[in-house]
Amino acid sequence: MSDLRGRTALVTGGGAGLGQAIAIELAKAGAAIAVVDIDEDAARDTADVLEKEGTEAKAYVADVSNRQQVDATWDAVASEMGSLDIVVNNAGVSFVGPHIVETTDEAWHKSIDVMQHGVFYGMRAAARHMLPRRAGSVVNISSIRGFSSNPGRVAYCAAKAAVIMMTQVAAAEWASSGVRANAIAPGVQRTPMWERDAARGAVDEKTILRVLPARRLGDPAEVGRLAVFLCSDDAAYINGSCITIDGALTAVPIG
Ligand SMILES: NC(=O)c1ccc[n+]([C@@H]2O[C@H](COP(=O)([O-])OP(=O)(O)OC[C@H]3O[C@@H](n4cnc5c(N)ncnc54)[C@H](O)[C@@H]3O)[C@@H](O)[C@H]2O)c1
């Protein structure tokens with residue numbers, strides 16, 4: 001089991017879904033957790049759950065698409081929790097559904113703002129803390145939609161592809177300074193985002209299960225355990241990688 005004792009991990013979108021699961025798994029490995037979310041109640045709920053399990057945890061409210069809020073929050077975590085050793089840029093939004101001709105400016109800009117600009121701001125703020133200390137690990141949550149296209153997701157796919165490339169650039173720039181950057185590309189995970197998309201008919205579980213070789217949706221805790229491994233010293237030579245975790249969905253030519 002990877003050991004993250006003595007490290008502080010910041011997880012964006014940590015109030016729900018994958019971010020919450022990642023925060024829980026990082027805490028199980030011994031890390032102190034800064035739960036960052038735009039939703040204050042959600043951030044507090046996750047921090048409360050972690051504290052009840054004996055983890056040092058604090059909730060922070062920030063919109064990752066706001067550069068000033070990101071810089072101030074990352075600084076606050078480092079000074080209030082003692083260090084900033086791990087950053088997981090996970091927060092995301094879904095406007096999945098309309099094809100390109102019907103995609104609104106608002107959906108396009110919001111998607112790019114949160115999932116591309118937000119990851120850039122989060123990586124840059126992390127590096128400003130990690131590079132001087134010559135230690136740290138950044139994990140960016142991309143998606144299989146960063147390399148496997150899907151109708152109705154032009155902005156989502158564009159942002160997630162950018163995340164994979166930004167991760168590679170970061171790894172190349174930082175490797176000699178002892179800071180690593182990797183990405184995770186989850187397939188279909190049962191989270192509030194998925195449930196909301198299913199409820200409005202933008203995705204259909206039965207259709208997915210017919211083409212998904214694993215014949216089940218992903219469990220967010222599985223993504224959490226992958227994040228723990230990537231952040232740990234066990235993954236010291238894994239840098240600039242994007243690890244797919246999708247039950248073989250993208251190993252078949254449909255889906
Ligand atoms: N659910 C899936 O199937 C799936 C698959 C691949 C990748 N992903 C990615 O995983 C990440 C998490 O997705 P999820 O399914 O857990 O979503 P979710 O909607 O269940 O949870 C997202 C969390 O992020 C927070 N958030 C949203 N916008 C924010 C902002 N601007 N600043 C700070 N926090 C913000 C929300 O309040 C929420 O707590 C996203 O980047 C998503 O694209 C999800």
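The values are calculated or read from the model by the stated rules, or taken from the named source; none is laboratory data. Please read all numbers here as calculations on a predicted model, not as lab measurements. All Cβ positions, glycine included, derive from the backbone under ideal geometry; neighbour counts span all protein chains shown.
From the list Asp234, Asp246, Asp204, pick out the single residue that is acidic (Asp, Glu) and out of contact with any helix residue (DSSP H, G or I) (no Cβ under 8 Å at 6 or more places or on another chain).
Asp234
Conditions: (1) closer than 21 Å to Asn140 by Cβ; (2) away from the ligand (no atom under 13 Å from the Cβ); (3) more than 17 Å from the chain's Cα centre (by Cα); (4) in a helix (DSSP H, G or I). Ser83 meets all but one. Number of the miss?
So the condition that Ser83 fails would be (4).
Which residues, taken from segment 162-186, are surrounded by fewer than 18 Cβ atoms within 10 Å (Cβ to Cβ) and either among the hydrophobic types (A, V, I, L, M, F, W, C) or part of a helix (DSSP H, G or I) (or both)?
Result: Met165, Gln168, Val169, Ala172, Glu173, Ala175, Ser176, Ser177.
May I ask you to say which residue of Val35, Val61, Val49 is on the phi < 0 side of the Ramachandran plot and surrounded by 23 or more Cβ atoms within 10 Å (Cβ to Cβ)?
From the options Val35, Val61, Val49, the qualifying one is Val35.
Just checking: which of the strands (runs of 3 or more DSSP E) contained wholly in segment 1-75 hold 1 or more residues that are in contact with a Cys (Cβ under 9 Å, 6 or more places away or on another chain)?
The qualifying strands (runs of 3 or more DSSP E) are 8-12.
Scanning for something polar (S, T, N, Q), away from the ligand (no atom under 14 Å from the Cβ), over 17 Å from Gly136 (Cα atoms) and without any contact (Cβ under 8 Å) to a residue 40 or more places away in the chain, does segment 43-58 turn up at least one residue?
Taking every residue of segment 43-58 in turn, at least one turns out to be polar (S, T, N, Q), away from the ligand (no atom under 14 Å from the Cβ), over 17 Å from Gly136 (Cα atoms) and without any contact (Cβ under 8 Å) to a residue 40 or more places away in the chain.
Name the helices (runs of 4 or more DSSP H) wholly within segment 187-233 that hold at least 1 residues that are surrounded by 20 or more Cβ atoms within 10 Å (Cβ to Cβ) and away from the ligand (no atom under 12 Å from the Cβ)?
220-231
Give the residue, chosen from Val93, Val101, that is under 24 Å from Arg153 (Cβ atoms), part of a loop (DSSP other than H, G, I, E, B), among the β-branched types (Val, Ile, Thr) and at pLDDT 95 or above.
Val93
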